[in-house]
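Step one of this worksheet: look at the structure below.
The values are calculated or read from the model by the stated rules, or taken from the named source; none is laboratory data. Values in this document were obtained by computation on a predicted structure and should not be read as measured data. When we count neighbours, we look across all protein chains shown, and the Cβ atoms used for this are built from the backbone with ideal geometry, even at glycine. Quick note on the areas: whole protein, heavy atoms, side chains included, nothing else; ligands and nucleic acids left out. Shrake-Rupley method; radii C 1.70, N 1.55, O 1.52, S 1.80 Å.
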Amino acid sequence: MFSLTGISRRITRLYVFQWTGGVTKKERFDAGLTDVHGKAAPGYCVIYEHVLHKRSCSVKTVKD
């Protein structure tokens, strides 16, 4: 996602539209940055580290 900004100087912003995950665990596609209970998903740390220019995410994720 972040490499898209290098494709064109016209791309000046990126938006994350899917903050929350699926409503149930049976849903097939879940691109949310949090799970159904609001706990951070692994993708949250990718955004966190990039935006804050940190090398490690201090937030415990669902997979931890």
*Does Thr20 count as touching a Pro at 6+ places or on another chain (Cβ under 6 Å), surrounded by 11 or more Cβ atoms within 10 Å (Cβ to Cβ) and either at pLDDT 75 or above or not basic (Lys, Arg) (or both)?*
no
*Please name all residue pairs, on different chains or six or more residues apart, with Cβ atoms under 6 Å, provided the first residue is in region 1-20 and is closer than 29 Å to Thr61 by Cα and the second residue is part of a helix (DSSP H, G or I) and open to solvent by less than 100 Å² (accessible area, probe 1.4 Å).*
Phe2/His50
*Matching option when the condition is at pLDDT below 75, of a type in the set (Asp, Glu) and out of contact with any Leu (no Cβ under 7 Å at 6 or more places or on another chain), among Asp30, Asp35*: Asp30
_Cβ-Cβ distance below 9 Å, separation of 6 or more or different chains: which pairs start in region 36-51 with a residue that is among the acidic types (Asp, Glu) and end on one that is surrounded by 14 or more Cβ atoms within 10 Å (Cβ to Cβ)?_
Glu49/Cys57
